[in-house]
1. Report the net charge of residues surrounding R273, where surrounding means a beta-carbon distance below 12 angstrom and charges are Lys +1, Arg +1, Asp -1, Glu -1.
2. May I ask you to evaluate 6.51 cos²θ - 1.76 cosθ + 1.60, the Karplus curve with θ = phi - 60°, for each residue of the range 122-131 and list the ³J(HN,Hα) values in order in whole Hz, giving x for glycine and proline?
3. Given the Cα-Cα distance of S220 and F144 and 0.36 nm per residue of separation, how much length would full extension add, in nm?
4. Within 10 Å, count the other beta carbons around each residue, average over each peptide in 257-269, 170-182, 35-47, and list them highest first.
5. Would you rank C117, C216 by solvent-accessible area, highest first, keeping every protein chain in place and using a 1.4 Å probe?
6. Rounded to the nearest 5, what % of DSSP beta bridges with both residues in the range 98-226 are antiparallel?
7. Please report Rg (one decimal) and Dmax (integer) in Å for the Cα set of the chain.
8. Rounded to a whole number of µm²/s, how large is the Stokes-Einstein D of the range 78-186 at 25 °C and 0.890 mPa s, given Rh as the Kirkwood radius over C-alpha pairs?
Amino acid sequence: MHQTPIHALKTSGSGATAPPKRVETLSAQAVIFEGNKKLTMQQVDLVEPGPDDIVVDIDFSGVSTGTERLLWSGEMPPFPGMGYPLVPGYESVGRVVHADGHERLLGRHVFTPGAHCYKAVHGLFGASSSRLVIPASRVTPIDFTDPEHGVLLALAATAYHAINGGTPPDLIVGHGVLGRLLARITIALGAPVPVVWELDPARADSDGYAVIDPDCDGRSNYTSVYDVSGDVSQIDTLVQQCAKGAEIVLAGFYTERPSFAFPPAFMKEMRIRIAAEWQPEDLDSVLAVSYT
């Protein structure tokens, strides 16, 4: 895998004030979605780092089975900034290899929440690349954990963002990575232990909370239900399991138009909330929980 040697970014000579000497265009290997179900690995040119930027060589990247699967299959609804060819990926961890003016970061492993550093391709999230140019203010050092686990920070912040917008869940629908993080963060925050619904027996393992098949749950007084299954067809079922005045939080990503029968929801005075992507303060809060 070829990419520009990082020494091309360093100053030449012994003078501390010598300007950077760039011997060639900064480049990297990146995953490229060229269109529906068309994936390649290509050499891409990167923008030159400015005074507020650092360069990160990526070691680990996460793959979203939600948005990135939809981008791959062509099912992704229209989204601001989307277009092909496109570099996916918004969860990555790497080592800082260039940090003029930000020497405290040099050599450290950092979490990067995507990047927009490509000259000729779209970077809707843009982290699935062997190298990134990114503002130093956007990365988070992760000295406290295994770098491989650092890719989970984006999903952990997404889970925290959903919880922070309302009441912690007493029912979580779906036990994928986001569902697991919702459960663990709920417990870490000192809230009552939630119940989790999951249809796949292979994902029924847990650590300190119950994971059950929804058909085995006779309870009908849940007050805060978080759906991360991506299946909006079951809203009617969730309404039936809820107490009056309960809230259903749509915390996954949905390609189908959400719909539900109005009379049952009306009788229970239901609330439906949508939890979007995490914000920087959510990441700070997750890190605070991690350290405690």
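1. Numbers: positive: R271; negative: D227, E247.
With Lys, Arg at +1 and Asp, Glu at -1, the neighbours total -1.
2. Values per residue, Gly and Pro as x: 6, x, 3, 10, x, 9, 7, 9, 6, 8 Hz.
3. Result for the pair: 23.2 nm of gain on full extension.
4. Ranked from most to least packed, the peptides come out as 170-182, 35-47, 257-269.
5. Heavy-atom accessible area, descending, gives C216, C117.
6. Among the beta bridges of the range 98-226, antiparallel pairing accounts for roughly 20 percent.
7. 21.9, 77
8. Estimated diffusion coefficient is 158 µm²/s.
The values are calculated or read from the model by the stated rules, or taken from the named source; none is laboratory data. These figures come from a predicted structure and were not determined experimentally. Note that we place each Cβ from the backbone using ideal geometry, even for glycine, and neighbour counts take in every protein chain shown. Just so you know, the surface numbers come from the protein's heavy atoms only, side chains and all, with ligands and any DNA or RNA stripped out. Shrake-Rupley method; radii C 1.70, N 1.55, O 1.52, S 1.80 Å.
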